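Reading through the structure tokens given below for one structure.
Each value in this text was obtained by applying a stated rule to the coordinates, not by laboratory testing. None of the values given here were measured: they were computed from a predicted structure. FYI the Cβ positions are ideal-geometry reconstructions off the backbone, even for glycines, and counts take in every protein chain you see.
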Amino acid sequence: MDDAMQVVRAYGSGHTSAAFPPPTQIPRETLDDYQAKIKELILDSNFAELEKIAQQNRAERGLLMGGAWKTWAFYGVLGVPTSVGDYTDADYQKQLTLLNRWLAAYPDSAAARIALARFYTNYADFARGTGSADSVSDSQWALYSQRTALAEQQLFDAARMKDRDAQWYQAMQHVAFNQVS
């Protein structure tokens, strides 16, 4: 826990945030349309465009119709399988393959690591299931812990990258929540 807190404190150290610019126009893009675009990019393995969008999101701090942050929506859709309906382990494995290919193509990408961290915490939740804690088997808890540790490692690795992203903190909060559950 001390190591995690040290990384969290250091993540924002020396980073100065620019003043939030006023919106130049009212957002016209919906959450569904934006996330469909991001899904298409990951399915097409268009990692260069994903990197570009991640950079844009950090710089512009754009909003979607209804007020959702683009950066939140970006990582939210990448952190779950691209399939529709109830997810299966095979769906998670397919998404993991895509995210690992992105990281292999862009080894210095903080965005790919944050997306992987979001993925692993969601995959941990999938392993745990939705039942009460006393209904979760030892093997489910083991997978939950293992996947949470993988998420934490991705975030520690992202903290060593030059890019800083506010969604890093959200992902680290999910890791911390999983670790005390």
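Can you pull the Rg over Rh of the stretch 84-181, Cα-only, Kirkwood?
Rg/Rh for the stretch 84-181 comes to 0.99.
Taking Cα centroids, how far is the stretch 108-134 from the stretch 67-98 in Å?
Each part's Cα centre sits 10 Å from the other's.
Sorting check: for 111-120, 131-140, 81-90, 51-60, which peptide has the highest mean count of neighbouring beta carbons within 10 Å, and how do the rest follow?
Output ranking for 111-120, 131-140, 81-90, 51-60: 111-120, 51-60, 81-90, 131-140.
Taking a cut-off of 19 Å between Cα atoms, list the lysines near Lys162, but don't count ones fewer than 8 places away on the same chain.
Of all the lysines, those that pass the test against Lys162 - Cα under 19 Å, at least 8 places apart if same chain - are Lys52.
At R0 = 30 Å, how high is the FRET efficiency between Gln56 and Ala104 if r is their beta carbon distance? Nearest 0.05 is fine.
With a Förster radius of 30 Å, E is 0.85.
At a threshold of 8 angstrom on Cα-Cα distance, excluding pairs fewer than six apart, so keeping six or more, what relative contact order does the stretch 25-180 reach in percent?
The normalised contact order for the stretch 25-180 reaches 21 percent.
Between Ser132 and Asp86, what length comes free when the chain is fully extended (0.36 nm per residue of separation minus the Cα-Cα distance, one decimal in nm)?
Once the chain is fully extended between Ser132 and Asp86, it gains 14.6 nm.
Take the chain, compute every pairwise Cα distance, and split them into 10 Å bins from 0; I just need the percent in each bin.
Binned Cα distances yield the sequence 9, 36, 36, 17, 2, 0.
Of the peptides 35-47, 143-155, how do they stack up when ordered by the mean number of other Cβ atoms within 10 Å, highest first?
143-155, 35-47
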